[in-house]
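**Q** Quick one: structure below, then a few questions.
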Amino acid sequence: GAVVSQHPSWVICKSGTSVKIECRSLDFQATTMFWYRQFPKQSLMLMATSNEGSKATYEQGVEKDKFLINHASLTLSTLTVTSAHPEDSSFYICSAQDSYEQYFGPGTRLTVT
Amino acid sequence: DAKTTQPPSMDCAEGRAANLPCNHSTISGNEYVYWYRQIHSQGPQYIIHGLKNNETNEMASLIITEDRKSSTLILPHATLRDTAVYYCIVYMTVWGNTGNQFYFGTGTSLTVIP
């Protein structure tokens, strides 16, 4: 099946700094990618839909100025958590759409100290 | 918002069939039922999907009721590696967006017992 990678797999940053997470579709082109956040023992929460060459669409309650999404190519989308705070610590997962299926990345564990 | 309801947890003996139910009573005619699973601290893994007919692949079988208001995922011979959270998702096409969002519910935590 199709493969989606994320980098880094885990990151620790200090409060107030910014962190960039990359999501790549390795063997297919994805016009659309999605970003999810998952807190411990909770389900995945969709944050935003990322469309190549256009602005991302954010879910209600997700701050677009805090979670910057760039989808510059058909194989790469990035999520930048700006001015990170400890409450942003979470598991961030991306997915890429190929036809009618979504393929998920392995996730990025972000810890803000 | 998620449009599915699943039991929060289930146990299954190793080697036996695991039957995971899902209610999606408000499903519309063009919405698919997808199943994914998530092993701890990993990304979700696709299992199977269907529209109205029963489906089977190398991982599982999907039984969808005739009225499509519920479905059951069947793992025919559960192994310890099948211990995971299983998500049933109704695939919703959002008008005006090029992408089709998945909204995850709370899922069922399946524990396979030796």
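The values are calculated or read from the model by the stated rules, or taken from the named source; none is laboratory data. Computed from a predicted model, the values in this text were never measured in an experiment. Cβ sites come from the backbone with ideal geometry, for glycine too, and all protein chains shown count toward neighbours.
**Q** Against the conditions (1) in contact with a strand residue (DSSP E or B) (Cβ under 7 Å, 6 or more places away or on another chain); (2) in a loop (DSSP other than H, G, I, E, B); (3) hydroxyl-bearing (S, T, Y), where does A:S43 fall short? Just the number, please.
**A** The number of the failed condition is (1).
**Q** List the pairs whose first member sits in the range B:3-15 and is modelled with pLDDT of 95 or more, whose second member is small (G, A, S) and part of a strand (DSSP E or B), and whose Cβ atoms are under 8 Å apart, counting only residues at least 6 apart or on separate chains?
**A** That search, which allows pairs on different chains as well, returns B:P8/B:S109; B:S9/B:S109; B:M10/B:A18; B:M10/B:S109; B:C12/B:A18.
**Q** Working only within the range A:1-33, note down all residues that are within 9 Å of chain B (Cβ to nearest Cβ) and surrounded by 12 or more Cβ atoms within 10 Å (Cβ to Cβ).
**A** Across the range A:1-33, the qualifying residues are A:V4, A:Q6, A:T31, A:T32, A:M33.
**Q** If you go through the range A:78-92 one residue at a time, do you hit one that is closer than 23 Å to B:V90 by Cα and among the small types (G, A, S)?
**A** no
**Q** Right, next: For the range A:49-82, give me each residue that is within 10 Å of another protein chain (Cβ to nearest Cβ) and within 19 Å of A:S5 (Cα to Cα).
**A** Of everything in the range A:49-82, those that are within 10 Å of another protein chain (Cβ to nearest Cβ) and within 19 Å of A:S5 (Cα to Cα) turn out to be A:T49, A:S50, A:N51, A:E52.
This table checks each residue for (1) over 20 Å from B:R37 (Cβ atoms); (2) part of a loop (DSSP other than H, G, I, E, B); (3) modelled with pLDDT of 95 or more; (4) small (G, A, S).
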position	(1), (2), (3), (4)
A:Q60	yes, yes, no, no
A:K64	yes, yes, no, no
A:A72	yes, no, no, yes
A:E87	yes, no, yes, no
A:C94	no, no, yes, no
A:Q102	no, no, no, no
A:L110	yes, no, yes, no
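**Q** Continuing with this model, one more query. Within the range A:1-22, restricting attention to residues that are among the hydrophobic types (A, V, I, L, M, F, W, C) and not in a loop (DSSP other than H, G, I, E, B), which residue is nearest to A:S83 (Cα to Cα)?
**A** Among residues in the range A:1-22 that are among the hydrophobic types (A, V, I, L, M, F, W, C) and not in a loop (DSSP other than H, G, I, E, B), the one nearest to A:S83 (Cα to Cα) is A:V19.
**Q** Let me ask another. If you take just the strands (runs of 3 or more DSSP E) that sit entirely in the range B:3-114, which of them hold at least 1 residues that are touching a strand residue (DSSP E or B) at 6+ places or on another chain (Cβ under 6 Å), surrounded by 13 or more Cβ atoms within 10 Å (Cβ to Cβ) and within 11 Å of another protein chain (Cβ to nearest Cβ)?
**A** Passing ranges, in order: B:32-38, B:45-50, B:84-91, B:108-113.
**Q** Here is a list: A:S90, A:S77. Which entry is of a type in the set (S, T, N, Q), farther than 20 Å from A:L26 by Cα and crowded, with 17+ Cβ neighbours inside 10 Å?
**A** Answer to the check: A:S90.
**Q** When the range A:76-95 is examined, which residues are found to be in contact (Cβ under 8 Å) with a residue 60 or more places away in the chain and under 10 Å from the mean Cα position of the chain (by Cα)?
**A** A:T80, A:V81, A:Y92, A:I93, A:C94, A:S95
**Q** May I ask you to say which residue of A:Y58, A:Y36 is more than 30 Å from B:S9 (Cβ to Cβ) and surrounded by 16 or more Cβ atoms within 10 Å (Cβ to Cβ)?
**A** A:Y58
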